[in-house]
Amino acid sequence: MKNSYLANQVKTLRTEKGYSQELLAQRTNLSLRTIQRIESGQTEPHGDTLQRLAASLDVNVADFWEGNSVLDLSENKPYLVLIHLSALSFIIFPLLGVLLPFILWTVKRNEVKDIAQTSKRVLNFQITWCILYFLIFAFILGNVFFHFNIRLPVHFSLSPEILLLFFPAFYGYNIIMVGINAILQFKGKRLFYMPAMKLFR
């Protein structure tokens, strides 16, 4: 076995991300047989192959080698879950749901694996939520000062009073999204934040 440490790291990262060997082969544009040989330690990737693996698994090439940071993502799960839960601070003030996850990302951005991907998903959703929240709030204030409302078909008027009823549901949806994605993160599943503008890519 040429490099059992590297082989184990590749397999650990792939498993933690929920990728099959076939999916990793597709993402790296390598053959399935190559991925199997790397993970079994029968071959040691170099150059472009190593770069492709690092990019697809969201790590640095140096992290594959023994003596560098350990790539066991399970150790980082509590912090990644904390990033999701920190977004609940929007309950106190909407922008806190953006600021706290961003601060947690910044503090550990070079120490926790997969933190960028997780943080971007949280921030994209929370920023989208804030924009929608403030648009509704601006409409209500506009109505107070300028006395306008939106009339919809079927003789229905979208008045400020009606919009105020949306706020509990609006907050509830955000809480549910945060809770669901915190659980998905803990279980190593694919995150699901909707709607979310792709401001952070």
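Would you say Tyr133 is modelled with pLDDT of 85 or more, surrounded by fewer than 18 Cβ atoms within 10 Å (Cβ to Cβ) and within 16 Å of Ser89 (Cα to Cα)?
Details: modelled with pLDDT of 85 or more: yes; surrounded by fewer than 18 Cβ atoms within 10 Å (Cβ to Cβ): no; within 16 Å of Ser89 (Cα to Cα): yes.
In short, no.
Checking each residue in the range 75-102 for being under 10 Å from Ser119 (Cα atoms) and open to solvent by 80 Å² or more (accessible area, probe 1.4 Å) picks out only Phe102. Looking only at residues that are modelled with pLDDT of 90 or more and either of a type in the set (Gly, Ala, Ser) or in contact with a strand residue (DSSP E or B) (Cβ under 6 Å, 6 or more places away or on another chain) (or both) in the range 1-25, which one is most open to solvent (accessible area, probe 1.4 Å)? Top of the filtered list is Ser20. If the condition is being without any contact (Cβ under 8 Å) to a residue 40 or more places away in the chain and either under 18 Å from Met177 (Cα atoms) or in a loop (DSSP other than H, G, I, E, B) (or both), then the range 100-125 contributes Leu100, Pro101, Phe102, Arg109, Asn110, Val112.
So which of Tyr5, Tyr19 is aromatic (Phe, Trp, Tyr) and assigned to a helix (DSSP H, G or I)? Please lay out each step first, then the result.
Values: Tyr19 fails: assigned to a helix (DSSP H, G or I).
Exactly one residue qualifies, and that residue is Tyr5.
The set of residues in the range 29-48 being within 15 Å of Gln9 (Cα to Cα), within 29 Å of the chain's Cα centre (by Cα) and in a helix (DSSP H, G or I) consists of Ile35, Gln36, Ile38, Glu39.
The values are calculated or read from the model by the stated rules, or taken from the named source; none is laboratory data. Predicted model only: the values in this text are computed from it and were never measured. When we count neighbours, we look across all protein chains shown, and the Cβ atoms used for this are built from the backbone with ideal geometry, even at glycine. All accessible areas refer to the heavy atoms of the entire protein, side chains included, with ligands and DNA or RNA removed. Shrake-Rupley method; radii C 1.70, N 1.55, O 1.52, S 1.80 Å.
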